[in-house]
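Engineer: This is the structure, below, for whatever I ask next.
The values are calculated or read from the model by the stated rules, or taken from the named source; none is laboratory data. This one's a predicted model, so the numbers in the text were calculated from it and none came from an experiment. Here the Cβ is made from the backbone with ideal geometry for all residues, glycine too, and neighbour counts use every protein chain on show.
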Amino acid sequence: MRILVTGGAGFIGSALVRRLIEHTEHEVLVFDKLTYAGLLSSLEPASKSNRYGFVQGDICDAEAVRAAIADFRPQVIAHLAAESHVDRSIDGPGEFVQTNVVGTFVMLQQALGYWRGLEGEDKASFRFHHISTDEVFGSLGETGLFTETTPYDPRSPYSASKAASDHLVSAWGHTYGLPVLMTNCSNNYGPYHFPEKLIPLIIIRALNGEPLPVYGDGSNVRDWLFVDDHARALQAVFERGRPGQTYNVGGNAERRNIDVVRAICASLDRKRPRADGKPYADQITFVTDRPGHDARYAIDATKIRDELGWEPSKTFEQGIEETVDWYLNNSDWWQAILDKRYKTERLGVANG
């Protein structure tokens, strides 16, 4: 199959591209604007393949999208391009509305025009797969799980923009008949993760001897999903999922933020002990909580397991060990980011 991946230079997108090139015979075209979090270095393992291609472009640019689709003639559009960091959305929500809402509208319109021009099996097999987040569902109490029928209740500018894009995708499916698929995933982690997110941020700041900031009292709970497991799930959905359906993808790994940070510290204590012999946990610092910080997310991934046979292959403990190893062994990758683009400073203080 020919698969166009928007946002393919991002964290999840690049994991999907690397998987498709390494484990399938699919042809892949990455369409990416290369914003601050879009890194060609994350695609380096795939870039040597003759089944890989790259186009730099903005999903808000209708003509650029149209041209890429017309030239490549994809059978699947996997739409991952998005602004994704909650803290950044608090500081600058406009960019999130533009990329996540307007950009998804542009993608849908261009996909619809392309699909309408197809015939026979090409038309029947085409899929528009929109990749989204469990944050659209809001915040859970101490019990319960998000399912595919959980009402939407977004709490941040980021999750509100993703909820809007989800609704657009659903509407284009219902109104225009576009064969859409949607997935809502829990928190991803793993190799090639941009250093603004919790797990890589903690690893890098720990190694640099800096304070390890934990919001509030660290009791907020997330369900953690290893990114390579997520890439397998996305492949299963666009290859075998039913058009018009939504599938939740979770890691079955609920953890409090403070326990995630302590697990990273313990792993680093074993693999790269501090010169002074003290534990990395001594660097933990509790900071003022994020505005509107959701208390708990947790995914019920029964549907994708029962219908498509997918379930996570890595436990949280396995995934954290593998992730810490990757960051220890690939300091050139993340140091280049720190040198050029990002200083691991606090974001998301509700300036609007």
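Engineer: Restricting to the range 241-277, count the residues that are closer than 25 Å to V287 by Cα, part of a helix (DSSP H, G or I) and either in contact with a strand residue (DSSP E or B) (Cβ under 8 Å, 6 or more places away or on another chain) or not hydrophobic (A, V, I, L, M, F, W, C) (or both).
Structural biologist: Qualifying residue count, the range 241-277: 10.
Engineer: I'd like the full set of residues that are over 15 Å from T147 (Cβ atoms) and among the small types (G, A, S), limited to the range 122-136.
Structural biologist: A124, S125
Engineer: Further, regarding this structure: For a quick check of your reading of the model, give me the residue pairs whose first member lies in the range 118-138 and is farther than 23 Å from I59 by Cβ, whose second is among the aromatic types (F, W, Y) and not in a helix (DSSP H, G or I), with beta-carbon atoms closer than 7 Å and at least 6 apart or on different chains.
Structural biologist: Note: pairs meeting the criteria are F137/F146; F137/Y152.
Engineer: Shifting gears a bit: Name the single residue, out of those in the range 6-40 being outside any helix (DSSP H, G or I) and aromatic (F, W, Y), that is nearest to E196 (Cα to Cα). Can you show your working first?
Structural biologist: Of all residues in the range 6-40, those outside any helix (DSSP H, G or I) come to 6-10, 24-39.
Now drop any that are not aromatic (F, W, Y), which leaves 31, 36.
Numbers: F31: 23, Y36: 11 Å.
Among them, the one singled out is Y36.
Engineer: Still on this structure, I have one more. Which helices (runs of 4 or more DSSP H) sit wholly inside the range 73-183 and have at least 1 residues that are in contact with a strand residue (DSSP E or B) (Cβ under 9 Å, 6 or more places away or on another chain) and buried (at least 22 other Cβ atoms within 10 Å of the Cβ)?
Structural biologist: It comes to 103-116, 157-176.
Residues checked against (1) at pLDDT 95 or above; (2) touching a strand residue (DSSP E or B) at 6+ places or on another chain (Cβ under 9 Å):
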site	(1), (2)
I299	yes, yes
F316	yes, yes
L328	yes, no
K343	no, no
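Engineer: Still on this structure, I have one more. Can you say whether V287 is touching a residue at least 12 places away in the same chain (Cβ under 8 Å) and surrounded by 18 or more Cβ atoms within 10 Å (Cβ to Cβ), as far as the supplied structure shows? Spell out how you get there, then give the answer.
Structural biologist: Details: touching a residue at least 12 places away in the same chain (Cβ under 8 Å): yes; surrounded by 18 or more Cβ atoms within 10 Å (Cβ to Cβ): no.
No: the conditions fail for V287.
Engineer: Return yes or no: is R66 surrounded by 20 or more Cβ atoms within 10 Å (Cβ to Cβ) and either basic (K, R) or without any contact (Cβ under 8 Å) to a residue 60 or more places away in the chain (or both)?
Structural biologist: Taking the combined requirement at face value, the residue does not satisfy it.
Engineer: Looking at the range 201-240, which of the residues that are in contact with a Phe, Trp or Tyr (Cβ under 8 Å, 6 or more places away or on another chain) and part of a loop (DSSP other than H, G, I, E, B) is surrounded by the fewest Cβ atoms within 10 Å (Cβ to Cβ)?
Structural biologist: D217
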